[in-house]
Amino acid sequence: MVTAESAKRLLALHGEVRPQSPAEWTGSFAIPPTVERFYREVGPANITIEAHGNPYFLPSLADIWKFQAGYRWNGLSGEPIEDWNDDWLVVADEGGDPFIFERASGVVLHAYHGEGEWGAGEMFPDLNTMAACLAQLGAIVLESGDKYTEEDCSIRPEFRALASARLQELLGLKSDAEAVLDGLGWG
């Protein structure tokens, strides 16, 4: 299990982390206790993390409800989006592909936008693990610089292996690390 302190330390490599008060929540339902704790203990404040392809983005607590536009409701009309599960809260994204906190279970799902319906599947067991894994992948991108990809934009084998090893440290099992990497296009 990834601690809040570990997630915070890794996220701080990419931007501001600070405790955020539940008073900053503007959602239409009570802030889930797990989300409240994540923002109090880890506190990403609109962090952009370089990634393979589009960057990951973790909104601040004050901005997370606005971040639901395009998922929970139509960003132009404000009308609810019918096939959006009311139990879901988008807590991060990668180029519009949402990382979704499932309020009932506490797990983080991942889905691809533009597929007609949300085929969200479990990617992380909790918010701290999601934040730490995304931050760790971003650290590899930053550390490797221009050496990160081949001419065809595929990830060089040594950086793919490094990503697998670092995620295995966070997730415990190599199979879990490989599933995350495959799900995020680090194939």
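Name every residue in segment 52-94 that is hydrophobic (A, V, I, L, M, F, W, C) and at pLDDT 95 or above, in order of residue number.
Scanning segment 52-94 gives 57, 58, 61, 62, 64, 65, 67, 88, 89, 90, 91, 92.
Going through segment 162-187 one residue at a time, which ones are more than 20 Å from residue 107 (Cβ to Cβ), more than 17 Å from the chain's Cα centre (by Cα) and part of a loop (DSSP other than H, G, I, E, B)?
187
Keeping to segment 126-153, report how many residues are outside any helix (DSSP H, G or I) and either assigned by TED's automatic domain parsing to the domain that holds residue 110 or surrounded by 13 or more Cβ atoms within 10 Å (Cβ to Cβ) (or both).
The qualifying residues number 2.
In segment 1-54, what count of residues is obtained for those that are crowded, with 19+ Cβ neighbours inside 10 Å, β-branched (Val, Ile, Thr) and not in a loop (DSSP other than H, G, I, E, B)?
4
Out of all the residues in segment 59-98, which are in a loop (DSSP other than H, G, I, E, B) and among the charged types (D, E, K, R)?
Across segment 59-98, the qualifying residues are 72, 79, 82, 83, 86, 87.
Kindly provide the set of residues from segment 114-147 that are at pLDDT below 90 and over 30 Å from residue 84 (Cα atoms), ordered by number.
145, 146
Any chance segment 99-107 includes a residue that's assigned to a strand (DSSP E or B), buried (at least 16 other Cβ atoms within 10 Å of the Cβ) and not aromatic (Phe, Trp, Tyr)?
yes
The values are calculated or read from the model by the stated rules, or taken from the named source; none is laboratory data. Given the structure is predicted, the values throughout are model-derived calculations rather than measurements. Cβ sites come from the backbone with ideal geometry, for glycine too, and all protein chains shown count toward neighbours.
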